[in-house]
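These notes are about the structure you will find just below.
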Amino acid sequence: QPVILTGLASGWPAAAKWTEAALRDRFGERCGFHVGGHTMSLPAFFDYCASNADEQPLYLFDKRFAETSGGGGAEPGLAADYAVPAYFSADRDLFAKLPGGCRPDHRWLIAGGTRSGSAWHVDPNATSAWNACVRGRKKWVLTPPGQPPAGVTPSADGASLTSPVSLYEWFRVFYSSLAEARGGGGGGGG
């Protein structure tokens, strides 16, 4: 079952240090992040977010941020700016028990501007996860297993999902019907 924990990120160094201005100063052009199949510096990504009008904006989704953001220098990377909540500590993390090199990817830096987001998906490793929103806001839409939302079609084996519309269009067209079906009213998305 999904659980929402509040206040965990407010005490992290990231809560104060991960402003756009601070990240521009900290990294400049020296470090590339994975953005929609491309490598981009944070200033280039922030500039893109501020000026784009794409229906499906690029989304920073970087699984190597902990390694690349340190730059191999004396400065610690972004992973030093947050702590794994005790609920998900290493002693409860079965993937942490795997031999070196066998652990699947398990942490990402995710950032995006208006209308950006992840495509509908089922976790590829069939695991649970935790997410923290350090700045701005993010909307998560979760549905019970085997009950994809309107406009989304699962593959025959249920391992993947497809939607003929962009996320932005899905929120404009389908979100209110999902909210109404759950008794939460409607009213657009975002």
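Here is how the numbers come out for the structure above:
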item: Equivalent-ellipsoid semi-axes of the range 43-133, from the Cα gyration tensor, Å, largest first; result: 27, 19, 12
item: Estimated translational D of the range 12-65 in µm²/s (Stokes, Kirkwood radius over Cα pairs; 4 °C; 1.567 mPa s); result: 109 µm²/s
item: Dipole magnitude (debye, nearest 20) for the chain, charges at Cβ of Lys, Arg, Asp, Glu; result: 320 debye
item: Top of K139, K17, K63 by mean-square fluctuation, Gaussian network on the chain, Cα under 10 Å; result: K139
item: Stretchable slack from D47 to S128, in nm (0.36 nm times residue separation minus alpha-carbon distance); result: 25.9 nm
item: Loop chymotrypsin sites (Phe, Trp or Tyr not before Pro), the range 59-160 (other Cβ atoms within 10 Å of the site Cβ: 14 or fewer; DSSP); result: W130, W140
item: Chain lengthening between R26 and L161 when straightened (0.36 nm per residue, less Cα-Cα); result: 44.8 nm
item: Label point at T114 placed 7 Å out along Cα→Cβ; residues across the range 126-142 whose backbone nitrogen lies under 17 Å; result: 136-139
item: Degrees, to the nearest 10: 42-51 long Cα axis against longest axis of the chain; result: 40 degrees
item: Cβ-Cβ FRET estimate between V141 and A66, R0 fixed at 25 Å, reported to 0.05; result: 0.35
item: Prolate/oblate/rounded call for the range 103-190, Cα gyration tensor, a/c under 1.5 rounded; result: oblate
item: Loop-resident sites, the range 1-97, for GluC sites (Glu not before Pro), counting at most 14 other Cβ within 10 Å (DSSP); result: E29, E55
item: Viscosity 0.890 mPa s, 25 °C: Kirkwood-radius Stokes-Einstein D of the chain over Cα pairs, µm²/s; result: 131 µm²/s
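Bear in mind these aren't lab numbers, they're just calculated from the coordinates by the rules spelled out. Not measured: the values here are computed from a predicted model. All Cβ positions, glycine included, derive from the backbone under ideal geometry; neighbour counts span all protein chains shown.
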